[in-house]
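Beneath this line is the structure, given in structure tokens, with notes to follow.
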Amino acid sequence: MLQLNEIVQLLREINDKLSCKAYQIMPKEGTQIEWSVDELMTRMAVVSRLGISERTYNRWVKSGVLKPICLGNKHYYREQDLQDAIKRSIDRGMI
């Protein structure tokens, strides 16, 4: 039974990592990206800002509407990325 619980836990961790589709912006060679953690919004800030439930947030992340920057198991967003996601959703008629 212990092995089964360990397997289930590993599968959950794998699922979390796969569902957190972090994307990277690749700068041109020699270009530095200045990026402050203070500029990032947490998932709760996004939920509050968009006026959505956590369930809707999770559904939007899973479906790719929102694309978080994952640091560990935490989700963060840049303001511009959030605005882009909103614009894409409006264009698709989702909002």
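The values are calculated or read from the model by the stated rules, or taken from the named source; none is laboratory data. None of these values were measured; they are calculated from a predicted model. No Cβ is skipped: glycine too gets one built from the backbone with ideal geometry, and neighbour counts run over all protein chains shown. Note: areas computed on protein heavy atoms with side chains; ligands, DNA, RNA excluded. Shrake-Rupley method; radii C 1.70, N 1.55, O 1.52, S 1.80 Å.
Remarks
- If you go through segment 58-73 and pick out every residue that is closer than 16 Å to residue 88 by Cβ and surrounded by 17 or more Cβ atoms within 10 Å (Cβ to Cβ), you end up with 6.
- With respect to the stated conditions, residue 21 is modelled with pLDDT under 75 and either surrounded by 12 or more Cβ atoms within 10 Å (Cβ to Cβ) or assigned to a strand (DSSP E or B) (or both).
- Residue 76 being open to solvent by less than 100 Å² (accessible area, probe 1.4 Å), at pLDDT 80 or above and not in a helix (DSSP H, G or I): yes
- Some residue of segment 32-49 being modelled with pLDDT under 85 and open to solvent by less than 90 Å² (accessible area, probe 1.4 Å): yes
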